[in-house]
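All remarks here apply to the structure that follows.
The values are calculated or read from the model by the stated rules, or taken from the named source; none is laboratory data. If you're wondering where the values come from, they're calculated on a predicted model, not measured in any experiment. Neighbour counts are summed over all protein chains in view; Cβ atoms, including those assigned to glycine, are modelled from backbone coordinates with ideal geometry. We work out accessible area using only protein heavy atoms, side chains counted, and drop any ligands, DNA or RNA first. Shrake-Rupley method; radii C 1.70, N 1.55, O 1.52, S 1.80 Å.
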Amino acid sequence: MNRYKKTRTLSREDAAYIAGLIDGEGTIALSRKHRQDNRQLAISIANTETALLEFVRNATGVGKITRKRIAHPEHTPSMTYVVTNRQALALLSQIAPYLRSYKARRADLVLEHYLRLTPRNGRYSTQQHIERERFIDEFQHIRP
């Protein structure tokens with residue numbers, strides 16, 4: 001049985017540190033796995049230091065680390081930490097006060113609207129669908 005993991009409660013120091021990593025090396029996105037899929041919340045951090053990403057995964061208790069493809073042999077191998085959906089939302093609620101870049105505005109928007117506009121069963125009323133499209137458009141326009 002695959003049990004759904006809950007995001008761990010972070011210390012203030014760890015929440016601030018992870019927020020700094022996301023501000024500098026990460027993304028807060030509404031992305032799709034496939035073209036026909038609904039967009040889902042995803043938080044990622046890319047780095048060449050595996051230990052750094054393992055710290056984030058161990059501190060949060062959620063997410064996964066994957067290797068990125070190397071474009072040129074002289075490039076340093078890098079990895080990406082990714083957490084999605086409700087786990088990402090739980091992480092975002094803890095780190096949002098410490099974000100300093102445009103990602104703070106994205107986090108605030110997600111925390112205010114994502115749950116209401118993302119039913120767990122994936123079934124949207126006409127009104128929810130309209131509001132969700134507006135939300136996604138507003139989110140996508142928040143850039144550096």
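Quick notes on this one:
- Think of the chain as having a plus end and a minus end, set by charges on the Cβ of Lys, Arg, Asp and Glu; of Leu109, His34, Ala51, His34 sits farthest toward the positive end of this dipole.
- C-alpha long axis of helix 126-140 to longest principal axis of the chain, angle in °: 40
- Carbon/sulfur fraction of accessible area - the chain, other protein chains in place, 1.4 Å, %: 47
- Scaled radius of gyration (Cα, divided by 2.2 N^0.38 Å) that segment 86-144 gives: 1.18
- Residue with peak Gaussian network fluctuation, the chain [Cα springs, cutoff 10 Å], from Ala71, Ala107, Ala59: Ala71
- Shape call, the chain: gyration tensor on alpha carbons, a/c limit 1.5: prolate
- Chymotrypsin sites (Phe, Trp or Tyr not before Pro) lying in DSSP loop within segment 1-59, provided at most 11 other Cβ fall within 10 Å: Tyr4
- Between the Cα long axis of helix 50-60 and the first principal axis of the chain there is an angle of about 40°, rounded to the nearest 10.
- Computed from backbone phi with θ = phi - 60° and the Karplus coefficients 6.51, -1.76 and 1.60, the 3J(HN,Hα) list for segment 19-36 is 4, x, 5, 5, 4, x, 10, x, 9, 10, 9, 10, 10, 10, 7, 9, 3, 7 Hz; x is used for glycine and proline.
- Accessible area per residue, Å², segment 53-144 with all protein chains present, probe 1.4 Å: 62
- For the chain, adding -39500 (n - 2.57) for each run of n ≥ 4 DSSP H residues and dividing by the number of residues yields -13500 deg cm²/dmol at 222 nm.
- Qualifying trypsin sites (Lys or Arg not before Pro) for segment 59-144 [loop in DSSP, other Cβ within 10 Å: at most 14]: Lys68, Arg69, Arg100, Arg116, Arg120, Arg123
- Lys/Arg +1, Asp/Glu -1 at C-beta; segment 1-111 dipole; positive extreme among Thr60, Ser78, Gly24: Thr60
- Computed magnitude of the charge dipole of the chain (debye, nearest 20; Cβ of K, R +1, Cβ of D, E -1): 620
- Between segment 68-87 and segment 32-60, the alpha-carbon center distance in angstrom: 9
- Relative to its Kirkwood radius, the Cα radius of gyration of segment 29-96 gives an Rg/Rh of 1.02.
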